[in-house]
Amino acid sequence: MTTVETVAGPIDADDLGLTLIHEHFFSGDEAVAAQWPHVRDHEREYALALESAAAVTQHGVTTVVEPTAMLLGRDVPRLQRLSAETGLQIVACTGIYTYDALPQFLLNRDEDFMAGLFVHDIEQGIQGTEAKAAFIKCAADEPGVNERIEKIHRAAARASLRTGAPIMAHSRPASGTGPRQVEIFLEEGVAPEKIQIAHTGDTDDLDYIESLLAQGVYIGLDRYGLDIFLPTAQRNATVVELLDRGHVERMFLSQDFDIPIANGLDWYPPEVIEALEAAGAANGWSMTLLFEQIIPELTERGMSAEALQTMMVENPRRWLGR
Ligand SMILES: [Zn+2]
């Protein structure tokens, strides 16, 4: 049987069902939360998470993949509570979310040590719980794939090879990070079907996207609502064209919705979130925008029910199943 680890234990991959591949219930700055817990409104965050969980469930979603890794405030005990109280299946990760800096502890240890940490979460469990990581997260952004980012990518690759767990790599198309990220994984020997390059949908440069797909990797068209990176109309046009070109088996749709960020509870203070919204940075960004607006629009433009099923049920099953 092919299985997938959730925060409530392993399930048959066939039971994932309708899956959002990239959404954040809880996230934030770990150091601030640990040192000044009074600045975080955990009750409000949890209430908002319950709201989003109920909203996605109403649209038939049965699984949410939650790629919050180290340095983004991973909190698996809280995900377990949310899953138990809502019945939603939640898939957690291991890995490190940084665009550049690493804590001294990891700066001064090598890739293989780091890989061992990831393997621990995949084989033993996360943060003292029984919940195991189903995939490995890493990131490259504006600073590019520098020495520290490369080290994390190589560690992710080695942990993937040791466990069979797939990798999700946050990318920044505007900085052209994707091809180098894929190159590192392939150099390390990871199979392309284990790799997902998240946020590829932040560009409508089809040559760039095709260059990634040519390597056999999955791509995340996963930031619907974040117009600051690419407006919805351009995201939709890109998805329609990629479907026409026959890439459905490598595409994921999601929103990268982040509850604490969207509500001004962590990264940005509320007034900055309001200003960003007023400036059009986000438009309808939520955990249900796909169902309320995007899927109807894509369907009108020719996306079949079968294509949707492939992107939101079959691809998650194939990418995550082990
Ligand atoms: Zn994300």
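The values are calculated or read from the model by the stated rules, or taken from the named source; none is laboratory data. From a predicted model like this one, the values you see are computed outputs, not experimental measurements. Positions of Cβ are backbone-derived with ideal geometry, glycine not excepted, and every protein chain shown enters the neighbour counts. Heads up: the accessible areas ignore ligands, DNA and RNA and are worked out on the full protein's heavy atoms, side chains in. Shrake-Rupley method; radii C 1.70, N 1.55, O 1.52, S 1.80 Å.
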- Message: Can you list the helices (runs of 4 or more DSSP H) lying wholly within the stretch 158-244 that have 3 or more residues being more than 16 Å from I294 (Cα to Cα) and more than 19 Å from the chain's Cα centre (by Cα)?
- Response: 178-188, 206-213
- Note on the structure: Residues in the stretch 62-81 that are surrounded by fewer than 23 Cβ atoms within 10 Å (Cβ to Cβ), among the hydrophobic types (A, V, I, L, M, F, W, C) and in a loop (DSSP other than H, G, I, E, B) total 1
- Item | Every residue from the stretch 154-197 that is among the small types (G, A, S), within 15 Å of the ligand (Cβ to nearest atom) and closer than 17 Å to F118 by Cβ | A169
- Query: Would you pick out the residues in the stretch 294-322 that are open to solvent by 70 Å² or more (accessible area, probe 1.4 Å) and either over 25 Å from V4 (Cβ atoms) or more than 21 Å from the chain's Cα centre (by Cα) (or both)?
  - Reply: T299, E300, R301, A305, E306
- Task: Filter the stretch 246-257 down to residues that are within 19 Å of V56 (Cβ to Cβ) and open to solvent by less than 10 Å² (accessible area, probe 1.4 Å), then give me how many there are.
- Result: 4
- Quick one: is G321 more than 16 Å from the ligand (Cβ to nearest atom) and either within 25 Å of A53 (Cβ to Cβ) or modelled with pLDDT under 95 (or both)? yes
- Query: Does A233 qualify as being touching a residue at least 24 places away in the same chain (Cβ under 8 Å), open to solvent by 30 Å² or more (accessible area, probe 1.4 Å) and more than 27 Å from G28 (Cβ to Cβ)?
  - Reply: no
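Return the residue satisfying two criteria in turn: it lies in the stretch 174-197 and is among the β-branched types (V, I, T) and touching a strand residue (DSSP E or B) at 6+ places or on another chain (Cβ under 7 Å), and of such residues it is nearest to A159 (Cα to Cα). Give the steps one after another, and end with the answer.
Pass one, the stretch 174-197, residues among the β-branched types (V, I, T): 177, 182, 184, 190, 195, 197.
Okay, now just the ones that are also touching a strand residue (DSSP E or B) at 6+ places or on another chain (Cβ under 7 Å), so 182, 190, 195, 197.
Values: V182: 16, V190: 10, I195: 13, I197: 17 Å.
Only one residue tops the list, namely V190.
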- Note on the structure: Filtering the stretch 22-54 for residues that are surrounded by 17 or more Cβ atoms within 10 Å (Cβ to Cβ), part of a loop (DSSP other than H, G, I, E, B) and more than 16 Å from the ligand (Cβ to nearest atom) leaves a count of 1
